[in-house]
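Taking it in order: structure first as structure tokens, then the write-up.
Every read-out reported here was derived from the displayed coordinates using simple, explicitly stated rules and does not represent laboratory data. Predicted model only: the values in this text are computed from it and were never measured. Positions of Cβ are backbone-derived with ideal geometry, glycine not excepted, and every protein chain shown enters the neighbour counts.
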Amino acid sequence: MPAIREWTESLWGTSSPYLQVREVPNAPPSLCRDQRVPLRMPTTAEKKALLLRDGYHCRFCGIPVIRGQVRDRIRKVYPEALPWGRTNQTQHAAFQAMWVQYDHIVAHARGGDNSIDNMVITCAPCNYAKWNYLCEEIGLIDPRTREPMRSTWDGLERFR
């Protein structure tokens, strides 16, 4: 669906027309790699805890999300319906938009750790749109100040 692709493409990274960075006094700077927390990604157990806490919905926009492993199971059964190539243009736009990400509120590059308190579930467009910025720098409300969205959505985990 072209509208979904257009929306996701408009959000990615620093070239997004929606990204307006504000200077925040005393914001943590970007750190050299050797100064960052060694492990960037949460463990399998931490990912599971985040998915359960956040209810398989992006904490920024609320879109339902699915794990890459679930997408791959669906793709194996329906390869023609769910293309997943190496570039954005060769990936199914809706599944790309619903691809779960584990986002650091204070970015890893800026000293953020992998604690559950510093991480939220996001969709790929929100994660890539936020980049390494603080919520305050780009005018977003910290999603941890709101309760996670609750629904019957289970991230299609039931698909086997």
**Asked** For the stretch 1-43, list residues with backbone N below 16 Å from a point placed 7 Å from the Cα of Leu82 toward its Cβ?
**Response** 1
**Prompt:** Given the C-alpha centroids of the stretch 90-135 and the stretch 1-23, what is the distance between them in whole angstrom?
**Reply:** 14 Å
**Complete:** With Cα coordinates, the longest principal axis of the chain makes an angle with the long axis of helix 68-77, in degrees rounded to 10, of 20 degrees
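Would you tally the net charge around Ile121, using a Cβ to Cβ cut-off of less than 12 Å, leaving Ile121 out, and scoring K and R as +1, D and E as -1?
On the way: positive: Lys47, Lys48, Arg53, Arg59, Arg67, Arg144; negative: Glu46, Asp54, Asp103.
Cβ neighbours under 12 Å give a net charge of +3.
For the stretch 99-147, would you read off the P(r) tail past 15 Å as a percentage of all alpha carbon pairs? Display every interim value, and only then the final one.
On the way: 461 of 1176 pairs.
Counting every Cα pair in the stretch 99-147, those more than 15 Å apart make up 39 percent.
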**Request:** Please give, to one decimal in nm, the separation of the simple spin-label points placed at Ile116 and Met149, each 7 Å out from Cα toward the Cβ.
**Result:** 2.2 nm
**Asked** For the stretch 1-91, treating each Cα as an identical point scatterer without solvent, what Debye log10 I(q)/I(0) comes out at q = 0.11, 0.13 1/Å?
**Response** -0.55, -0.77
**Prompt:** Going by average Cβ neighbours within 10 Å, how do the peptides 143-152, 128-137, 2-11 rank, with the highest at the top?
**Reply:** 128-137, 2-11, 143-152
**Complete:** Straight-line reach check, Lys76, cutoff 29 Å on alpha carbons, 8 or more apart in-chain or any other chain, hits among lysines -> Lys47, Lys48
**Request:** For the chain, go through all pairs of different Cα atoms, get the mean of 1/r, take its inverse, and jot down that Kirkwood value in Å.
**Result:** 16.6 Å
